[in-house]
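The values are calculated or read from the model by the stated rules, or taken from the named source; none is laboratory data. The structure displayed is predicted, hence computed values, not measured ones. Here Cβ is always computed from backbone atoms with ideal geometry, including for glycine, and neighbour counts include all displayed protein chains. Heavy atoms of the whole protein, side chains included, go into the accessibility calculation; ligands, DNA and RNA do not. Shrake-Rupley method; radii C 1.70, N 1.55, O 1.52, S 1.80 Å.
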Amino acid sequence: MNGNISSSGQSESIPLEVQSVEVEPEVQSPNEGATYFEFIYSQSVLYLRETLDHIVLLILIYTLLCLVLYKLLFHRFGRWMKVIRKSRLPANSKRALLVTAHPDDESMFFGPTILELRRQDCRVFLLCLSEGNFNQQGNVRRQELWDACESLGIKPEDITLLNATHLQDDPALEWKTVTIANQILKHLEALDANLLITFDKNGISGHPNHCAIYHATASLCLAGLVPSKCKVLTLESVNLCRKYISILDLPITLLLSTNWSVLSWQSRLAVQNAMRLHRSQMVWFRKLYIRFSRYMVINSLREINQSDVEFEILDS
């Protein structure tokens, strides 16, 4: 007989146990996560590589444009067609006064302007307001200034080097605006100059002595003391990138500037050699400056007058 049937003939119910089965969430394998991040990484690298290729291509095109423009400046075809000019300075300038703060400023910053003015038979006078005695090398720097100016075509008798106690080479020393303005005005009148050239308000390198000369010049313009026949040009300061790309700054200069002077590659050597005559200043970073700075080959200048200074004051 079947063991599940009792003696009374009734079947016994057997309780059924229902077991709940917990379903665990699907876990992503480590290999799938790694594959996802590898995809993101590969796409990022590809995007960066394409972007870099475009940047390199743009740099090559811009460099080629600069070289073509520079070549046209000094090629007979470019001069004949009058497409672009290698210089644009005030016409009929016969006597120019250049005002600087230290020996070597004339070569480090104003070389292209000096050479272009001399090429136009303009007599250039230099007023240097200090002998650069910050490191007690005043006597040495005085002779270096004379040698450098001679190489740039400035006559020794046209150089004035001041050694005043209140105008010493020192970034921490405040140069009085009135003192500088009096010196500039005195030399303008004595020399009968019809062109005044100096730093702009940022002083190219931001040196306080450079900026002080601009403020003195601006005060003369504002007061109407600059002779009416004399034009005032200030050398434009540029950002760090433009400052060290040499002739690659040429298109920007031609687009943004109203007065400029650009030297040929051969003439540029004359400015570099003049700067090297300031031997006491030839530390490593100035050697790099000589090689890469735009101021060795390009000067861009802005003409200022009384209304410009008034607007500048209102805008500040």
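Which of V271, V99, V56 moves most in a GNM of the chain, Cα contacts under 10 Å?
With Cα springs under 10 Å in the chain, the top fluctuation among V271, V99, V56 is at V56.
Tell me, what is a quarter of the convex hull surface for the C-alpha atoms of the chain, in nm² with one decimal? Please report the intermediate quantities before stating the final value.
Values: hull surface 138.7 nm².
Projected area, direction-averaged: 34.7 nm².
Scan around I245 for amide H atoms under 5 Å from its own, H built in the peptide plane at 1.01 Å from N, and keep only partners 5 or more places away or cross-chain.
R294
Give me the distance in nm between label points sitting 7 Å out from Cα along the Cα-to-Cβ direction at Y47 and Q120, one decimal.
The modelled label-to-label distance comes out at 5.2 nm.
Between I40 and Q137, what is 0.36 nm times their sequence separation minus the Cα-Cα distance? Round to one decimal in nm.
Details: separation 97, 0.36 × 97 = 34.92 nm, distance 6.13 nm.
That works out to 28.8 nm of additional length.
State whether segment 79-144 is rounded, prolate or oblate according to the following rule on the C-alpha gyration tensor (a ≥ b ≥ c being the square roots of its eigenvalues): a/c under 1.5 gives rounded; otherwise a/b larger than b/c gives prolate, and the remaining case gives oblate. Let's see the in-between values first.
On the way: a/c = 3.70, a/b = 2.51, b/c = 1.47.
Here segment 79-144 falls in the prolate category.
Which residues' amide hydrogens lie under 5 Å from the amide hydrogen of L196, considering only partners 5 or more residues apart or on another chain, with H built in the peptide plane?
L97, K231, V232, L233
So if the hydrodynamic radius of segment 255-316 is defined as the Kirkwood radius over C-alpha pairs, what does Stokes-Einstein give as its diffusion coefficient at 10 °C and 1.306 mPa s, in µm² per second?
The estimated diffusion coefficient comes to 113 µm²/s.
Non-local amide H neighbours of A101 (under 5 Å, H modeled in plane, Pro and chain starts lacking H): which ones?
Correct list: L129.
Please give the FRET efficiency for I61 paired with N305, using the beta carbon to beta carbon distance and R0 = 35 Å, rounded to the nearest 0.05.
Given R0 = 35 Å and the Cβ-Cβ separation, E is 0.35.
Nearest 10 degrees is fine. How inclined is helix 177-191 to the longest principal axis of the chain, computing both from alpha carbons?
50
If one computes P(r) from the Cα atoms of segment 42-182, what percent of pairs lie at distances over 24 Å?
Details: 5380 of 9870 pairs.
That fraction is 55 percent.
Accessible area per residue of the chain at 1.4 Å probe, in Å²?
Working: 18750 Å² over 316 residues.
Here the per-residue accessible area is 59 Å².
Output the relative contact order of segment 162-316, whole-number percent, from Cα pairs under 8 angstrom with separation of 6+ residues.
Details: 179 pairs, mean separation 41.1, N = 155.
Relative contact order for segment 162-316 comes out at 27 percent.
Please tell me which of these pairs span more than 18 angstrom C-alpha to C-alpha: K186/K231; K155/K231; K201/K287; K176/K229; K86/K155; K94/K243?
Working: K186/K231 16 Å; K155/K231 22 Å; K201/K287 26 Å; K176/K229 26 Å; K86/K155 25 Å; K94/K243 30 Å.
Long pairs (Cα-Cα over 18 Å): K155/K231; K201/K287; K176/K229; K86/K155; K94/K243.
Over the chain, what is the relative contact order in percent, taking alpha-carbon pairs closer than 8 angstrom and at least six residues apart?
Values: 427 pairs, mean separation 65.4, N = 316.
Answer for the chain is 21 percent.
Leaving out ligands, DNA and RNA, and with a 1.4 Å probe, what % of the accessible surface on the chain is carbon or sulfur? Don't skip to the end; give the middle numbers.
On the way: 10750 of 18750 Å².
Here it works out to 57 percent.
What does the extension gain come out to for N239 and R291, with contour length at 0.36 nm per residue minus their alpha carbon separation?
Numbers: separation 52, 0.36 × 52 = 18.72 nm, distance 1.74 nm.
Using 0.36 nm per residue and subtracting the Cα-Cα distance, I get 17.0 nm.
Please turn the phi angles of segment 57-66 into ³J(HN,Hα) values with the Karplus equation 6.51 cos²θ - 1.76 cosθ + 1.60 (θ = phi - 60°), one per residue in order, whole Hz, x for glycine and proline.
These are the phi-based 3J(HN,Hα) values: 5, 5, 5, 5, 5, 5, 4, 4, 4, 4 Hz.
Please say if segment 123-226 is rounded, prolate or oblate, where rounded means a/c under 1.5 for a ≥ b ≥ c the square roots of the C-alpha gyration tensor eigenvalues, and otherwise the choice is prolate for a/b larger than b/c and oblate otherwise?
Oblate, because a/c is 1.5 or more while a/b does not exceed b/c.
Report the full-extension gain for the segment L255 to I84: residue separation times 0.36 nm, less the Cα-Cα distance, to one decimal in nm. Mind dumping the intermediate values first?
On the way: separation 171, 0.36 × 171 = 61.56 nm, distance 1.09 nm.
Difference between extended and current length: 60.5 nm.
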